[in-house]
1. Give me a count of the residues in segment 124-136 that are more than 12 Å from the chain's Cα centre (by Cα) and not in a strand (DSSP E or B).
2. Inside segment 92-126, can you point out the residues that are of a type in the set (Lys, Arg) and either in contact with a helix residue (DSSP H, G or I) (Cβ under 9 Å, 6 or more places away or on another chain) or buried (at least 16 other Cβ atoms within 10 Å of the Cβ) (or both)?
3. Find the residue count for segment 103-127, including only residues that are more than 16 Å from Ile34 (Cβ to Cβ) and among the hydrophobic types (A, V, I, L, M, F, W, C).
4. Starting from segment 59-80, take each residue that is within 20 Å of Ile46 (Cβ to Cβ) and list its partners that are assigned to a helix (DSSP H, G or I) and at pLDDT 90 or above, counting only C-beta distances under 6 angstrom and pairs at least six apart or across chains.
5. Every residue in segment 13-51 that is surrounded by 15 or more Cβ atoms within 10 Å (Cβ to Cβ), aliphatic (A, V, I, L, M) and touching a residue at least 24 places away in the same chain (Cβ under 8 Å), please.
6. Check Asn85 against each of (1) more than 11 Å from the chain's Cα centre (by Cα); (2) surrounded by 15 or more Cβ atoms within 10 Å (Cβ to Cβ) and name the one condition it does not meet.
Amino acid sequence: MRKKLTCSARQYLNVPFRHQGRNSHIGLDCIGLIMLVAKEIGINLIDEKDYPRIPQGDYFLNKITSQLPKKQTKDIAEGDMILFNINGAPSHVGIATFHGNEPYIIHSYAPLKKVVEHRLTDDWIQKIHSIYNIIN
């Protein structure tokens, strides 16, 4: 099931970033990618919409993360949702993937204007706030 989740996420690589995007033909934001991929593998998460482009407080992320079991950071596995601190606040998510033993991340990233997959570098690892199990 974890492989199915990451394969599903990879089909959205290069889809444009769009704030509050939930449609792969128009664009996705980081949570939109999570919602779409989870739904495709039969997991229905309660979606939150109408949130500001720059997060204000943790209301939105609490709504998403409260639906998923939290994990220890050292136990990261393919298909987990990683919550990152951006500008000092937990405000960005992606899906953990692996190439061999190397951890990667798939996420819709506004600065790159699209869904990307790249190695989870030390800079990104230092930004990890918490990890959640999408697949129980």
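1. Result for segment 124-136: 6.
2. If we filter segment 92-126 for residues that are of a type in the set (Lys, Arg), which is where we start, we get 113-114, 119.
Correct list: Lys114 only.
3. Result for segment 103-127: 4.
4. From segment 59-80, the pairs are Gly79/Leu5; Gly79/Thr6.
5. Selection gives Val15, Leu28, Ile31, Leu33, Ile34, Leu36, Val37, Ala38, Ile41, Ile43.
6. So Asn85 meets the others, but not (2).
The values are calculated or read from the model by the stated rules, or taken from the named source; none is laboratory data. Computed from a predicted structure; not experimentally measured. We place every Cβ from the backbone using ideal geometry, glycine too, and count neighbours over all the protein chains shown.
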